[in-house]
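Heads up, the thing below is written out as C-alpha cells.
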C-alpha cells in the first residue's frame, strides 16, 4: 500500500493508528476516540474518547483514555483522518525529548555549581581576627575591680547590737 493512501473499507487496524474511530459494542453503546494501539484479540487502546449516548437528543460524555476488550466489540468504523500526521507525531516526540534533555542538563549544572560553592567554602582559608593586646590602662582597671571584690568578700557583716537597758 502506498505511504499516503487514504484508508478504505478494507483497511487493517494497523493503518488506523492515530485515526479517530467509532467502536460499537455488543450492547449497542458507542465510543469514539483516537486509536493508539491494538493486539491480536482486537483489544483496542483509545485516547480522547467520547461516549455517544443514543437518546432523542444525542448526548456526549467525555471519557478520556480507555482500553476496550475485543470480545465486547461488534463493529468499528473510521470517523476521520488522524489529527496529526506521523511526521508531526515524530516531531512532537523529538521536541519533548530535547526539552527533557535540556532540563536534565540544567539540573546537573545547578548541582555542580552548588558542589563547587561548598568546596570553596571548605577549602577557603578561614580568616583569623587579630586580637589586640589589652592596654596597661585596661589591666590596671581590672586589677582594681578584682581588689574591690576581694575586699567585699573579706568584710564581715555588721551585727546590730541593742542596748540592754532600754
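Quick note: the coordinates plus some simple rules give every number you see, no bench work behind them. Values in this document were obtained by computation on a predicted structure and should not be read as measured data. Cβ sites come from the backbone with ideal geometry, for glycine too, and all protein chains shown count toward neighbours.
Descriptive notes on the structure:
- Based on the Kirkwood approach, the hydrodynamic radius assigned to the range 13-83 is 12.1 Å, with every pair of different Cα atoms included.
- Between residue 87 and residue 36, the C-beta separation translates, for a Förster distance of 22 Å, into a calculated FRET efficiency of about 0.80.
- More than 12 Å apart - percent of Cα-Cα pairs taken over the range 84-123: 68 percent
- Placing dummy labels 7 Å off each Cα toward the beta-carbon, the span from residue 22 to residue 65 is 2.7 nm.
- Rg of the Cα atoms in the range 8-51, relative to 2.2 N^0.38 Å, amounts to 1.12.
- Fewest-first ranking of 80, 29, using other Cβ atoms within 10 Å as the exposure measure: 80, 29
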